[in-house]
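Participant: Before anything else, here's the structure in question.
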Amino acid sequence: MFFQINVTPKQKDVVDQKKCPRTDSQFILVLAPFQPQTKIKMESTLNVTQKCYLNIKNTSNKPLKVRVTKQPSDKRRILLDCLELHIKAENSVPLIISGTPNVVGS
């Protein structure tokens, strides 16, 4: 799993919320052998927080304990809402990922 955030140089004009598509994104990570790598792509403008939800799915018949051992660097300003998760058998748990880029290209 890796993160990619595209940042546009200027903040866009505010548009009517009814016309604007939902900015939150949802992704699924299946914890099973031979699964493809999950790619999370977030697009944002400078100093605007973008959120996405990563649903971590346990397909096993046993509960799992998931721990984040390597976080994104502080320079990238990506926050994870939880660093340790307990996922029941054949269940899923959401992980909220938010990013607020302050430099173009971060």
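Participant: So is P94 surrounded by 12 or more Cβ atoms within 10 Å (Cβ to Cβ), in contact (Cβ under 8 Å) with a residue 24 or more places away in the chain, within 14 Å of the chain's Cα centre (by Cα) and not in a strand (DSSP E or B) or not? Working first, answer last.
Facilitator: Values: surrounded by 12 or more Cβ atoms within 10 Å (Cβ to Cβ): yes; in contact (Cβ under 8 Å) with a residue 24 or more places away in the chain: yes; within 14 Å of the chain's Cα centre (by Cα): yes; not in a strand (DSSP E or B): no.
It is false that P94 is surrounded by 12 or more Cβ atoms within 10 Å (Cβ to Cβ), in contact (Cβ under 8 Å) with a residue 24 or more places away in the chain, within 14 Å of the chain's Cα centre (by Cα) and not in a strand (DSSP E or B).
Participant: Identify all residues within region 82-91 that are touching a residue at least 24 places away in the same chain (Cβ under 8 Å) and assigned to a strand (DSSP E or B); write none if there are none. Walk me through it before giving the result.
Facilitator: Narrowing region 82-91 to residues touching a residue at least 24 places away in the same chain (Cβ under 8 Å): 85, 87-91.
Listed by number, the residues that qualify are L85, I87, N91.
The numbers here are math on the coordinates, done by the rules we state, and not lab data. None of these values were measured; they are calculated from a predicted model. All Cβ positions, glycine included, derive from the backbone under ideal geometry; neighbour counts span all protein chains shown.
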